[in-house]
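*Asks:* This structure is in structure tokens; I'll ask about it shortly.
The values are calculated or read from the model by the stated rules, or taken from the named source; none is laboratory data. In this text, all values refer to a predicted model and were calculated from it rather than measured experimentally. As a convention, Cβ positions derive from the backbone with ideal geometry for all residues, glycine included, and neighbour counts pool all protein chains shown.
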């Protein structure tokens, strides 16, 4: 079995998408072969060559304005133009999207874009995972509070990938109230402003320019 991971993050390295892929691989020890691709550093031709004969293709990327990062969009356009020759018949497509919003449902449109791509190219959409407050993946342990739900969701998705199963999309977010996430985010911006010699009021200065 060959599983191809396509990292759609614009970051060349140390992205949340890269961390998510690593977590999925931990849960897929029996796969015979992996292909790891990155749309930020590889051309469409290079990626398409790497994923030839894959049984499952897994897109992992961050949310950009309710959609996909531009380089990933360009890759999908190139893929559609080149057809899917060389892929295993009935190849299953999975997608994992993370965002900076607390609400996981904010990823729903992005998942629908991948579904639409599958419909236009004859690929088999299998399942998606939308992750809210994805930035926390860099600071908290997946599988432990407050990312315990995410650990379970990745377990479930990995099992489906391993068995080439399909299912309903999953949406998960941290196990604490939204206002706590907002407070933490505001604190982060204030610390960043102070580090750069700014005051909190400077963060709102643009509001007076209307």
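*Asks:* Considering only region 167-189, state which residues are modelled with pLDDT under 80 and either surrounded by 10 or more Cβ atoms within 10 Å (Cβ to Cβ) or in contact with a strand residue (DSSP E or B) (Cβ under 6 Å, 6 or more places away or on another chain) (or both).
*Replies:* Within region 167-189, 178, 180, 181, 182, 183, 184, 185, 186, 187, 188, 189 meet the criteria.
*Asks:* To continue, here is another question. Can you name the number of the only condition in (1) assigned by TED's automatic domain parsing to the domain that holds residue 72; (2) in contact (Cβ under 8 Å) with a residue 24 or more places away in the chain; (3) part of a helix (DSSP H, G or I) that residue 182 fails?
*Replies:* Of everything listed in (1) assigned by TED's automatic domain parsing to the domain that holds residue 72; (2) in contact (Cβ under 8 Å) with a residue 24 or more places away in the chain; (3) part of a helix (DSSP H, G or I), residue 182 misses just condition (1).
*Asks:* Going through region 119-134 one residue at a time, which ones are assigned to a helix (DSSP H, G or I) and buried (at least 19 other Cβ atoms within 10 Å of the Cβ)?
*Replies:* Correct list: 134 only.
*Asks:* Right, another one. Out of curiosity, is residue 203 over 17 Å from the mean Cα position of the chain (by Cα), part of a helix (DSSP H, G or I) and exposed (fewer than 14 other Cβ atoms within 10 Å of the Cβ)? I'd like the intermediate steps shown before the answer.
*Replies:* Numbers: over 17 Å from the mean Cα position of the chain (by Cα): yes; part of a helix (DSSP H, G or I): yes; exposed (fewer than 14 other Cβ atoms within 10 Å of the Cβ): no.
Answer is no for this residue.
*Asks:* Do you know which residues across region 58-81 are in contact (Cβ under 8 Å) with a residue 40 or more places away in the chain and closer than 23 Å to residue 2 by Cα?
*Replies:* Result: 58, 59, 60, 61, 72, 75, 76, 79, 80.
*Asks:* Right, next: Does residue 193 meet the test of being more than 16 Å from residue 96 (Cβ to Cβ), without any contact (Cβ under 8 Å) to a residue 40 or more places away in the chain and assigned to a helix (DSSP H, G or I)? Write out each step before concluding.
*Replies:* Numbers: more than 16 Å from residue 96 (Cβ to Cβ): yes; without any contact (Cβ under 8 Å) to a residue 40 or more places away in the chain: yes; assigned to a helix (DSSP H, G or I): yes.
Yes.
*Asks:* For region 125-146, which positions are modelled with pLDDT of 95 or more and over 16 Å from residue 21 (Cα atoms)?
*Replies:* Listed by number, the residues that qualify are 125, 126, 132.
*Asks:* So if I check each of 128, 132, which one is assigned by TED's automatic domain parsing to the domain that holds residue 152, farther than 26 Å from residue 164 by Cβ and in contact (Cβ under 8 Å) with a residue 40 or more places away in the chain? It would help to see each step written out before you state the result.
*Replies:* Working: 128 fails: farther than 26 Å from residue 164 by Cβ.
After applying the criteria, what remains is 132.
*Asks:* Please determine, by comparing only the residues of region 89-117 that are in contact with a helix residue (DSSP H, G or I) (Cβ under 6 Å, 6 or more places away or on another chain) and surrounded by fewer than 20 Cβ atoms within 10 Å (Cβ to Cβ), which one is nearest to residue 52 (Cα to Cα).
*Replies:* 100
*Asks:* Which condition does residue 25 not pass, out of (1) buried (at least 20 other Cβ atoms within 10 Å of the Cβ); (2) out of contact with any helix residue (DSSP H, G or I) (no Cβ under 8 Å at 6 or more places or on another chain), if it passes all the others?
*Replies:* All conditions pass for residue 25, except number (1).
*Asks:* Now for a separate question. For the condition touching a strand residue (DSSP E or B) at 6+ places or on another chain (Cβ under 9 Å) and free of Cβ contacts under 8 Å to residues at least 12 places away in the same chain, what is the one hit in 100, 119, 90?
*Replies:* Going through 100, 119, 90 in turn, the sole match is 119.
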